[in-house]
Structures are given as C-alpha cells and as structure tokens.
Amino acid sequence: MNQEPVTSLKGIGEKTGALFKRLGVETVEDLLHDYPRAYDAYEPPVAIGQVKEGGICTVCGQLIKTASVRRFQNMQVVVTDVKDLTGHLQLTWFNMPYLRTTLQMGRILFFRGRVVKKGNRLSMEQPEIYTREAYEEKLHSLQPIYGQTRGLGNKAIVRAVAQALEQRQLEREYLPLKLRKKYELAEYNYAMEHIHFPSDQQEMLAARKRLVFDEFLFFLLAVRRLKEKRQDTASPYPMGKAEEVIRLQQELPYDLTGAQKKVLEEVEKDLASGLVMNRLIQGDVGSGKTIIAILALLQAVYHGYQGALMAPTEVLAKQHYESMTELFSSHGIGKQVVLVTGSMTAKEKRIAYEKIAGHEADIIVGTHALIQEKVIYDKLALVITDEQHRFGVGQREALGRKGEQHPHILVMSATPIPRTLAIILYGDLDISVIDEMPADRLPIKNCVVDTNYREQAYRFIENRVAEGQQAYVICPMVEESEMIEAENVLDYTKMLRKRLPPEITVEYLHGKMKGKEKNRVMERFAAGEIQVLVSTTVVEVGVNVPNATVMMIENAERFGLAQLHQLRGRVGRGKYQSYCIMVDGSKEEDTRKRLDILNHSNDGFYIASEDLKLRGPGDLFGLRQSGEMEFKLADIFTDANILKTVSEEVNRILDEDPALEGEEYQLLRERLETYLGKSYEKLNL
C-alpha cells in the first residue's frame, strides 16, 4: 500500500502538507482515494449568439480590437471584444497586462471561460486562450476538479495526484477474473488511474463503475459478516414491559401516533423474545423516534440493566442528554443519565467511567467516545445509535461488543431510503418505519426560486429575526473554488453581515472547523445568541433548534432531493410556521421540475423514491447524498442498480464460500480484512 506521507511527494513541504490535511489527505494512499468531485469537459465551441450567463463555454472568433489595459482600484483590467457571424462578446482578464501582446486585432483564437452579465451585456471573465491546434488537442477531454481549500488550488492537487499515480506501487488484482468478466469491470489499477485522468467520458464511467462496485462489495461483505454473528443469537437480557414505562407513556403530554405505537410494539416484542434484537427504526425528521428510544432504554433500566445511546455529534449527544434528564425530572423517574463525549476533561471522563463501571449510571449518552476501551459497562443490555448512516460498519460492530454478552441493538435513521435499498444496506437488521407525523406539526411551506429572489429572501429573514426567530442559510462550498461556480460559506457570511442590520448576529459553520469550534457555534445557535447560521450540509444531522423557522438553500440544484429534504427537516420543529427557500442557480427546466417534487411534498420516503426514478448518468456529480456510509464515490441513489447487483453477488459468493477460504477469494479476503481494519482505526480503538 502507498502509506508514505503526502509530504514525500516532490514540491509538497510541511505548509502544503498541512493544507492537504485540511482536506483529509495525509498519505499518498489518501491522495489516490481523494477522487475528483467533478470534471471539466472541453466541448466544441458555441456560437457567440448562443452564449448564456452562468456557464463555462468555449467560443471561437476574431478580435475586433487590440486589447486595452484599464486601471480599476488596485487592479489592471485587460479588455477586448471578439466576434463571429452570430454576435459580439466582451472578454476580461484581471492583473494580466502581458496579454496585450497576444490579443492583437484581427487574430482568430479560441476563448474558454465563465460568462457573467455586466449591466446589459455578457462578458467572459478570465478565459483561457487557445490556438485552433491547441484547442483541438483538448477537445472532448475531461479535466478533474477536486475539493479544494484556501491556499491549495486545483492545479496543485492535479500535479500531486499525477505524481502519486506515477510513483505508486501497483496493487495485485483481488477480484476473481470470472467476476470481472461477468460484470465487465475494469482492472483495479486501470480504474485508479482513469478515475483521476480519463481521456473521455467512457473511460471515466468504466473506472467509476469498478470503484463503486468495490465500495458496495466491501461494505455489504462486512454487513453480511455482522448478520452471521447476530442472527438468532439467544439474549441473556430478555425483558417484558415494565410498569414504570407504561405509566410514563400514559403521562406524556401527547399521544403517540399510530405508527409510533406499532414500532414500539415491534421493539417490545424483540426485547421480550429471548433473542438479541437487531432493529432499524426509519422515520422522517420529527416523526418521534427519540421517545421510542427513551421508552426502550427505560425498559432495560427497570430490569436492572444499563442502556447506551450513541449520537454522531457532541451537540446532538448533549441535546439527547438534556432532554432525557429533563423528562425524567418532570416525571419523577429516579434513574441517572451520564454524558460521555470526546471534549470532556480527563477528570470529567474519569468520574463518568467510574459511575458507568459501578452501575451508578443507568443510561449512558455520548458520541463514539462510548466505544473507547476505557468505558467499562455493567450489564449493558441495550445499545441505540442515532443517525445510523453516520456510523461505519466498524462502529456498528464495536458498540455491540461493549457488553459482557450480546446487548440488544436498536438503530435510528432519519435518512429516507426506499425500502428496497434499506433492506440491502441494513441487511443485518430488521426494519421498522415511522411513516406518520405527530398531529401538532405544522407542515413546512416551501418555495423554489431563482437567484433574483435573494433580496426578497434576505428581507424575509430580517422580518423573522425581528419576531425573535432564527434562520439557516446552506451553501454547497466551504470557500471559493477556482473551478466550481457555487456559493461558499465564508464569502456568503461576509456578504450577509454587510447586508443584514448590525444587530443580527451572522456566524458560519463547516466541516473543516475543529470539533470544539463547531460545538461552540451550534450551542450558541441553539441558545439563540446567533440569529443566522451560514453552513454547509454539516447541519444535516444537527441540533434541534425549535426557534429556527427559515431554511434557505443556495445552489439547491447541487444537492440530491433526499439530502435537501434532510436539510429542510432542521426547521419546522417548534410552534411557529416554518419555511424552506430553495434557490435554483442553474436556470435549467429539468432542475426546476426535480426541485418541484420537494415544493409539493414533505414526505421523505415519497421524495426518496421519486429521486431514485429521476436520477441518471448525468447526475453523477454534485448530487452525492449517501451521508457518510463509508462511500467516497458511490451514491445509493445514482448507483442503485450497481448496489442491487453487488447485493446479489455477495449472497452468491458467501453461499458458495462463507469464509472466503477458496484460492480465488484469497486476495479478496485479505483486502476485506484491511477494509475492516480501517473501519476500526476511525474509532481510535
């Protein structure tokens, strides 16, 4: 494997290495698996009369005049005009005065760049310049576009990847030849090279198909391994329904919905069955999964056992802890809940560990810190994970192993996945669905608008804040990219601070921030100290802020429908009417039709199934929405057909050779062990 640090590559010193680390790239291996997030396709030139605002395109024409250089503030701006038989187009470059000698009147050249509207006329900014011969060499090629960070642009990443591919240690093919032939899968080393540098779309799709196949294959082999371990295992913790749990259910200030009652019965039946429960509860955001979890945990506690609830973020864990202690206090339930998170001090952790080991703690709530070696439980009978798709296979297995004997496993997910795919992805679990919302929930009002609506949206946010409410604004990018045209969190925050009155506090949140920093921002937002939070999709699984009533999503066309629905679920959680404003920056009719599905429905499962029907090969990039299910490239919606194929193949392989002991599966078995090892490494175990 290519485990050398990324700084071992020529031209990457400590400073650049630190920038790569911000992108999650520390080794050459990490760099090779940092796949392009999109590709820039060099298409034939378009007629100037057909050029549209907002897109990147190529035009070919004759320069009407020699370029002039104008001074504007601290910049030198090079300006000229190009024409063909269909029209004229202005061309603009910044701080490149030397181009004046190239851009002579009468020359016929190719120009490629982004088209913007300045006043009433279109202008192409910072275009690349090609002769006819040079452009024909580039024609139909695909140039990779990577996730970037300030100080580390696309060109630098492309150079590093090219060098890593050139120097890499080739890997032995681990898929049996008959399997590759059966599904027309590219050889592994070929796929690794051509996912980064395909000469055309056909090569890119062949490389992608192989790597997506592999991601699903290892995930499902690991899931099947879990299933074999868990299936029909006798439980040392059978438990009937405790009187105290029945009493609490009757005392709740609301009635459970029919769907909640049905799922609770399924959970109670599992707990009493004498076999270990392995169940997934799927339900939309706000459908009431948490109260089912609390009632199940109390069931364990009143039988003298311990229960644990694991959440994907510290903020969410803390919120679960606070809502549970508040509920217990108001209903006279004398059971102790303890919080365990990574940011606690060594002393706080030691006290918590002592309470857990001594069974002073009945319910333990926390992040994946719950599965660290130092946490020793006493009769851990029930383990619940919230937002299941955020935890890898290794975490699913590790938490289940924390008990002296097999604890019951209950997992919850608000990610709406069509049942056919959920059965494959959660093959080790029985599935329950809460498909009904509580009666007191006000439906969210939705609208899909174009970029011209922004000013109106800002005024609307201003008015909501004036009434004491809060808003989220979602951007697809953390910071500006030289290759991808999309709103970014850092620049958008600066702009909103200028645009909104000074008394409105605007802050930002994104995944590259340190854990403590993220927690602090979310806690301040939850406490109402921040009125407008500009964020990436990191809030998709976030804190419950009932006071947040506006969700504005920029570049909504860049997200999958299921992910947009998840983001929308951050609002509509309190007593006020909530709103979701989706800003479509594409100006495409097909995109508007797709977003209209969200406009007319708040049902996550309906939306997910519609999304599945609509997705096609053209939606490979910019629409990832599988959460963090250990997939770097695969998407369960776009790649649903491959997922189903791999599921059938995994069943066939394991029926034929359950332990992968045959000679043809030897290398596959070794690779699976490496995959599982990495899944555990993420836990710092």
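No value in this document is a laboratory result; all are computed from the given coordinates. What you see is a predicted model; the values in this text were computed from it and never measured. Using ideal geometry, Cβ is built from the backbone for each residue, glycine included, and neighbour counts are taken over all protein chains shown.
Summary table
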| quantity | calculated |
| --- | --- |
| Förster radius 22 Å - calculated FRET efficiency between Y606 and D440 (Cβ-Cβ, nearest 0.05) | 0.55 |
| Expected 222 nm ellipticity per residue - DSSP helices of 4 or more, -39500 (n - 2.57), all of the chain, to 500 | -12000 deg cm²/dmol |
| Principal-axis tilt of helix 604-614 within the chain, Cα atoms, nearest 10 degrees | 40 degrees |
| Exposure proxy ranking, count of Cβ atoms within 10 Å, fewest first, for T58, T638 | T58, T638 |
| Length released on extending from Q126 to E326, taking residue separation times 0.36 nm less the Cα-Cα span | 66.2 nm |
| Among S235, G106, P36 - extreme Cα towards positive end, dipole of the chain, charges at beta-carbon | G106 |
| Stokes-Einstein D (µm²/s) once Rh is taken as the Kirkwood radius of the chain over alpha-carbon pairs, at 4 °C in 1.567 mPa s | 47 µm²/s |
| Extension reserve of the K514-A272 stretch, reckoned as 0.36 nm per residue once the Cα distance is removed | 82.8 nm |
| For K117, K512, order by how many other beta-carbon atoms lie within 10 Å, fewest first | K117, K512 |
| Label point 7 Å beyond Cα of E663 along Cβ direction - residues of the range 156-194 with amide nitrogen under 17 Å | 173-179 |
| T345 paired with N95, simple spin-label distance in nm, labels 7 Å along Cα-to-beta-carbon | 4.7 nm |
| Counting DSSP beta bridges with both ends in the chain, the antiparallel % (nearest 5) | 40 percent |
| Extension reserve of the A41-L85 stretch, reckoned as 0.36 nm per residue once the Cα distance is removed | 13.3 nm |
| Rounded to 5, the percent of DSSP beta bridges in the range 57-196 classed as antiparallel | 90 percent |
| Separation of alpha-carbon centers, the range 5-32 and the range 98-160, rounded to whole Å | 27 Å |
| Charge dipole (debye, nearest 20) of the chain; +1 at Cβ of Lys and Arg, -1 at Cβ of Asp and Glu | 2000 debye |
| Efficiency of FRET from Cβ geometry, E503 and Q104, R₀ 56 Å, rounded to 0.05 | 0.55 |
| FRET E, pair K178, L614, Förster distance 35 Å, beta-carbon r, rounded to 0.05 | 0.50 |
| Label-point gap, in nm, between V77 and Q201 - each point 7 angstrom along Cα→Cβ | 3.6 nm |
| 5 angstrom amide H check on K65, placed H, neighbours 5+ away | D81, G106 |
| Cα-projected label distance for E467 with E171, points at 7 Å along beta-carbon direction, nm | 5.4 nm |
| Over the chain, relative contact order from alpha-carbon pairs under 8 Å, at least 6 apart, % | 13 percent |
